[in-house]
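Participant: I'd like to ask some things about the structure below.
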Amino acid sequence: MLNIVPLKAFKDNYIWTLRTATHAAVVDPGESQPVLDYLAAEGLQLAAILATHHHPDHVGGIAELLRTRPCPVYGPKNEPIPTLTHPVSEGDTVRIPEIGAEFAVLDIPGHTRAHIAYYGLESLFCGDTLFACGCGRVFEGTPAQMFASLAKLLALPDATLVYCGHEYTLANMQFAKAVEPANAALAARESHDRALRERGLPTLPSRLGDEKATNPFLRCREPAVIESANKYLGSRLADPVSVFSAIREWKNGF
Ligand code: ZN
Ligand code: FE
């Protein structure tokens, strides 16, 4: 039986921990201490580390973990992460027999040059690319790349559970409401997630089907989103990449 547990790191990062009764794998350990504490408290062996991209809040704990918990480290082939033992890219499969898990690697560049996601167990570990009701900033790629990466994720089944890297959901929803004030699914989702946060619970994982209905960055073909993008830019554009680029820029200063 596999459980997926969020370990908190820094202010709003989650280190997703996939565990059985005896073993665990962690995704994006930006800090080592929460992981070391959890492994010790639960009596677990560390079977693998998975990284989605090179930012320190996702890989900063790896070296320290390896010192006492040596294990394979998977991560993007084309990013500067010196601790990787298994560089991977799209087409590769990550097998972790200790926890009975297998993931397909997807290339989703945009936030960083070679950002990857892990897809398996009807779950998606997507780092800082797709967030609940939002998406990551475009730091190293182009808006067109980021748009294509999100489109790739969008093609996965609606029931897919989205495990992203940060608890940004409520703030993202403030922006989403500015883009689509009349989206009823968004209003319902916000009151649901607000109640979770008031109880100190994560809003994650989300469901990809809910993202399709409420996440403005996945809705660049919706008339209401196109209209808001045009209002922001004071122009009349309609192609989805330009709409995406406009709302991403708008969100940067929101
Ligand atoms: Zn990042
Ligand atoms: Fe991050």
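Participant: I'd like to verify something in the chain: which complete DSSP H helices, judged by Cα projection on the helix axis, reach 20 Å or more and average at least -1.0 on the Kyte-Doolittle scale?
Facilitator: On the way: long enough: 184-198 (21 Å, -0.76).
What comes out of the filter, once short or polar helices are dropped, is 184-198.
Participant: Using the Cα centre of the chain as origin and beta-carbon charges of +1 (Lys, Arg) and -1 (Asp, Glu), tell me which of H111, N215, T129 is placed farthest towards the positive end of the dipole.
Facilitator: N215
Participant: In addition: Express the relative contact order of the chain as a whole percentage, based on alpha carbon pairs under 8 Å and six or more residues apart in sequence. If you can, show how the numbers build up before the last one.
Facilitator: Numbers: 519 pairs, mean separation 32.8, N = 254.
RCO, the chain: 13 percent.
Participant: In addition: If you count only protein heavy atoms with a 1.4 Å probe, what accessible area per residue comes out for the range 3-252, rounded to a whole Å²?
Facilitator: Values: 10440 Å² over 250 residues.
Counting only protein heavy atoms, the per-residue value for the range 3-252 is 42 Å².
Participant: Gap in Å between the Cα centre of the range 42-73 and the Cα centre of the range 194-254?
Facilitator: The range 194-254 and the range 42-73 have Cα centres spaced 32 Å from each other.
Participant: Rank W250, W16 by accessible area, highest first, at a 1.4 Å probe radius? Working shown, then result.
Facilitator: Numbers: W250 45, W16 10 Å².
Listed by decreasing accessible area, they come as W250, W16.
Participant: Shifting gears a bit: Grab the chain and count how many Lys pairs have their alpha-carbon atoms under 15 Å apart, sequence gap of 8 or more, or different chains. Walk me through the intermediate numbers first.
Facilitator: Details: K152/K212; K177/K212; K177/K231; K177/K251; K231/K251.
Counting lysine pairs in the chain gives 5.
Participant: For S191, what accessible surface area do you get with a 1.4 Å probe? Give it in Å², rounded to 10.
Facilitator: Accessible surface of S191 is approximately 70 Å².
Participant: Kirkwood Rh and Cα-based Rg: tell me the resulting Rg over Rh for the chain, rounded to two decimals. List each step's numbers first, then the result.
Facilitator: Details: Rg = 18.1 Å, Rh = 18.5 Å.
With Rg and the Kirkwood Rh in hand, the quotient comes to 0.98.
Participant: Heavy-atom accessible area of K8 with all protein chains present, probe 1.4 Å, nearest 10 Å²?
Facilitator: Only protein atoms counted, so the area is about 140 Å².
Participant: Express in Å², to the nearest 10, the accessible area of H192 obtained by rolling a 1.4 Å probe over the protein heavy atoms while all chains stay in place.
Facilitator: Accessible area, nearest 10 Å²: 110 Å².
Participant: Roughly how many percent of the accessible protein surface of the range 3-252 is carbon and sulfur, given a 1.4 Å probe and a whole-percent answer?
Facilitator: Numbers: 5550 of 10440 Å².
Within the range 3-252, the accessible surface is 53 percent carbon and sulfur.
Participant: With all protein chains present and a 1.4 Å probe, how do T83, T17 order by accessible area, largest first? Before the final figure, lay out the partial values.
Facilitator: Working: T83 35, T17 0 Å².
Descending accessible area places them as T83, T17.
Participant: Of the DSSP beta bridges with both residues in the chain, give the percent that are antiparallel, rounding to the nearest 5. Display every interim value, and only then the final one.
Facilitator: Working: 27 of 41 bridges.
Roughly 65 percent of the DSSP beta bridges within the chain come out antiparallel.
The values are calculated or read from the model by the stated rules, or taken from the named source; none is laboratory data. Treat the numbers as computed from the prediction; the structure is a model and nothing was measured. Neighbour counts run over all protein chains shown; Cβ positions are idealised from the backbone, glycine included. Remember, those area values only see protein heavy atoms, side chains included, never the ligands or the DNA or RNA. Shrake-Rupley method; radii C 1.70, N 1.55, O 1.52, S 1.80 Å.
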